[in-house]
Protein chains: 2
Amino acid sequence: MNAVDIILAKRAGQSLSNEQIGYMVQGYTAGSIPDYQISAWLMAICWQGMTAAETAALTMAMVASGDHLDLRLATGLPFVGDKHSTGGVGDKTTLVVAPAVAAAGVPIGKMSGRGLGFSGGTIDKLESIPGFNVNLDREQFIAAVKNVGLVITAQSASLAPADGKLYALRDVTGTVESLPLIAASIMSKKIAAGASGVVLDVKHGRGAFMKTLAAARALAETMVTLGGQVGLPVRAVLSSMDQPLGLAIGNALEVGEAIATLRGGGPADLWAEALALGRELLLMAGVASDAADADARLNQARDSGAAFDMLRRMVINQGGDVRVIDDPALLPTAPIQMPLPAPAVGYVAALDAETLGRASVALGAGRTVKGAAIDFRVGFVLHKKVGDAIATGEPLLTIHAARDAAARDIAPQLLAAYEFSATPPLPLPLTNGVVR
Amino acid sequence: MNAVDIILAKRAGQSLSNEQIGYMVQGYTAGSIPDYQISAWLMAICWQGMTAAETAALTMAMVASGDHLDLRLATGLPFVGDKHSTGGVGDKTTLVVAPAVAAAGVPIGKMSGRGLGFSGGTIDKLESIPGFNVNLDREQFIAAVKNVGLVITAQSASLAPADGKLYALRDVTGTVESLPLIAASIMSKKIAAGASGVVLDVKHGRGAFMKTLAAARALAETMVTLGGQVGLPVRAVLSSMDQPLGLAIGNALEVGEAIATLRGGGPADLWAEALALGRELLLMAGVASDAADADARLNQARDSGAAFDMLRRMVINQGGDVRVIDDPALLPTAPIQMPLPAPAVGYVAALDAETLGRASVALGAGRTVKGAAIDFRVGFVLHKKVGDAIATGEPLLTIHAARDAAARDIAPQLLAAYEFSATPPLPLPLTNGVVR
């Protein structure tokens, strides 16, 4: 077996065996196969694709490259759930759905990522809570699942290290976009993290990695099939990311919005999205008998205060300052809050989530280079979303910025994200089905 | 401009600009773009192809990476010819056509390669002449064109160095097979070597890199178009390499066969191939008025002894022992010469050139690793080729080997190269047209 023959087989459109795929992944992780051979192989995969069996083999080879948890065995619990989003703008869903599901009786052990490109990351959001520790070790992670029922920590470098190395190479060789590579990357981390079942939020639209519903559906189907092949139950909700989810964009602003939502306030679309994801976990865990029962249990968890209390317990367990959860006004707050007046009357016809995401990064809410510091305070709070009527001079949104000049500089970019119409536009769907 | 965007543009099927292609080639040559990005780019080129304009830009970027000769300016001669073969088994054509053309009035300044895989290389063959110097510097090369009219030297490392670096990377990343990359590699070296016109011998069939006539024609057309775009007249002869050319395979054996052919003996197909190539150079140079005139001049150069004398003069000029040219019995000779008897009677139906080429490498006539020593003495002399009748026990060929055991060990592999039939097969064509 040698790397060149394996590259040639893939470029010729052949299916690779488990042994061939394992040889490449192990060789790359060990350093015996150089990156220039792997990058040519990755491009050949982008070209010729991979069968479901090859994708499963790639995924399991990446899992085998590092440590591997089994949360059911480690905790003695009957079912531990996990959730993953392919990334969006204003996507603070984890902070709502995870406490609600945990409060409804399905423990959640989740590893999350940081912001990537124009989309935010749950770990960054949680770090806007002073003292919150996102770097739990294996034992702390397992203990939190068992004792609290809810834990969200940063991805452990010891799980699926091949994925990290491959992703870094894909990022600089134009090989990120590939269904089997994306699916294997996501699923290898989920499998290694050891949950009993995973709900995926596969987003599509302007503010998502997948621009079309068809592409999102293909990725969702690939991952659900993959889960079936490797024995991990997976369900994927297809959700729209043409406009941002909820109203807040920016780390502390989004934590505040999640708290409000768990307390029964907050934007309706955010809670609806949390229900769409949470019900699948309750059904997979066997805690709910059907969708209506699941929704009732999740609404009850919110209305009783149990979901909010679960968030408090997680924050306390991970060393965060729980006073900011009880009083979100104590969260880091930007000194400048500048409304952006509407330049027209009529209706909001479109609201480009990617443009808003990029603007939030420009303002300091995200990173343009890995490892850079971010400003938890900054971002936007939307007042008008698609379908909303606008009267003369009404504010479209409020800019939260560190400096007056930064707020003024970003305004034209924000205005460019809005399109207006004289008549009400068709409503945007929130979700477009579930792949089971 | 950055490498990832250029890789992404090519993988999306876009045409790259001259500037983008130059950026990649210059960056790779200078070491500022890493090999893992170049290998992904090369695989994307294998996938999406390149337009004629892109192929020309790639070629000229490789030429621009090093020194560049102009033999017409450097020598004051009106036309200096060059010849290149895509490689075959028993292909000693250069050693025949180059002296004949030079003797007919078209000086030849040629840089050649060493054996690659199962195909031999002219430089290896010439080194079987004791003392022959294949490492001429720029001034020696130019002086030989001017004063002798014929020179064959090894490829200078200072010409098109980007091609050497790219070829080495392609070799280990499964990206050798690609029309634009092959065409640019060949043509960049030809352009940098500075001839006024080039005849290409584009081989197809079992013993060639291109297995089909269609693939060979596509490569020929790509290179002829490329020559037109960069101002270098190019003609390509499409020749068959299903069976070996001539009768001798092996370095000294092939030199001996070339000498015999220049003296009016030798196999008919070898001289016919030399005429097919040589006439195009005479026509390009304006030395012959039409094909019949060109053939008459080449036959005259052979029959008068002028072509043979030209070979002698080149050997003397490059320090070789001319006594072996005058008496080829003095060439290095293998101690073992073992006939291979026919296992059947009837006709030779097929004779797999690649199998014979690989057997000659196994016997020591070629290399399995770069830089290894080769045995100039060993190889095969065919007695029966496609269409020949065979009586009981007649030898198919004679094995020239260093040891008795080596000859015996290789015999089964050689027998496997032959196919037999009870009735005469259709004759194989020698050439299949010319692309001008």
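The values are calculated or read from the model by the stated rules, or taken from the named source; none is laboratory data. Source: prediction; values computed, not measured. FYI the Cβ positions are ideal-geometry reconstructions off the backbone, even for glycines, and counts take in every protein chain you see. All accessible areas refer to the heavy atoms of the entire protein, side chains included, with ligands and DNA or RNA removed. Shrake-Rupley method; radii C 1.70, N 1.55, O 1.52, S 1.80 Å.
The set of residues in region B:164-190 being free of Cβ contacts under 8 Å to residues at least 12 places away in the same chain and within 20 Å of B:V202 (Cβ to Cβ) consists of B:V176 alone. Checking B:G320, B:G256, B:G305 one by one, the residue that is within 27 Å of B:N133 (Cα to Cα) and touching a Gly at 6+ places or on another chain (Cβ under 8 Å) is B:G320 and no other. Restricting A:D295, A:D269, A:D321 to residues that are in a loop (DSSP other than H, G, I, E, B) and acidic (D, E) narrows the list to A:D321. Checking every residue in region A:44-51 against the condition of being away from chain B (no Cβ under 14 Å) and on the phi < 0 side of the Ramachandran plot gives at least one match. Where residues in region A:24-43 are over 31 Å from the mean Cα position of the chain (by Cα) and open to solvent by 30 Å² or more (accessible area, probe 1.4 Å), which of them is farthest from the other protein chains (Cβ to nearest Cβ)? Step by step, filter region A:24-43, then rank; the result is A:S32. When the helices (runs of 4 or more DSSP H) confined to region A:64-127 are screened for residues that are surrounded by fewer than 22 Cβ atoms within 10 Å (Cβ to Cβ), those reaching at least 1 such residues are found at A:71-75, A:122-126. A count restricted to region B:6-23 and to residues that are within 12 Å of another protein chain (Cβ to nearest Cβ) and either basic (K, R) or closer than 24 Å to A:P34 by Cβ (or both) stands at 5. For A:T173, the conditions (1) under 20 Å from the mean Cα position of the chain (by Cα); (2) among the polar types (S, T, N, Q); (3) within 14 Å of chain B (Cβ to nearest Cβ) are fulfilled apart from (1).
If the condition is being small (G, A, S) and either within 14 Å of B:G433 (Cβ to Cβ) or outside any loop (DSSP other than H, G, I, E, B) (or both), then region B:197-247 contributes B:G197, B:A214, B:A215, B:A216, B:A218, B:A220, B:G227, B:G228, B:A236, B:S239, B:S240. The set of residues from region A:223-239 being touching a helix residue (DSSP H, G or I) at 6+ places or on another chain (Cβ under 8 Å) and farther than 12 Å from A:T86 by Cβ comprises A:T225, A:L226, A:G227, A:Q229, A:V230, A:L232, A:P233, A:V234, A:R235.
Looking at A:S196, A:S156, just one residue is more than 14 Å from chain B (Cβ to nearest Cβ), touching a strand residue (DSSP E or B) at 6+ places or on another chain (Cβ under 8 Å) and open to solvent by 10 Å² or more (accessible area, probe 1.4 Å), and that residue is A:S156. For region B:249-266, the condition of being outside any helix (DSSP H, G or I) and surrounded by 23 or more Cβ atoms within 10 Å (Cβ to Cβ) holds for at least one residue. Restricting attention to region A:318-374 and to residues that are of a type in the set (S, T, N, Q) and open to solvent by less than 70 Å² (accessible area, probe 1.4 Å), the residue that is nearest to A:A144 (Cα to Cα) turns out to be A:Q318.
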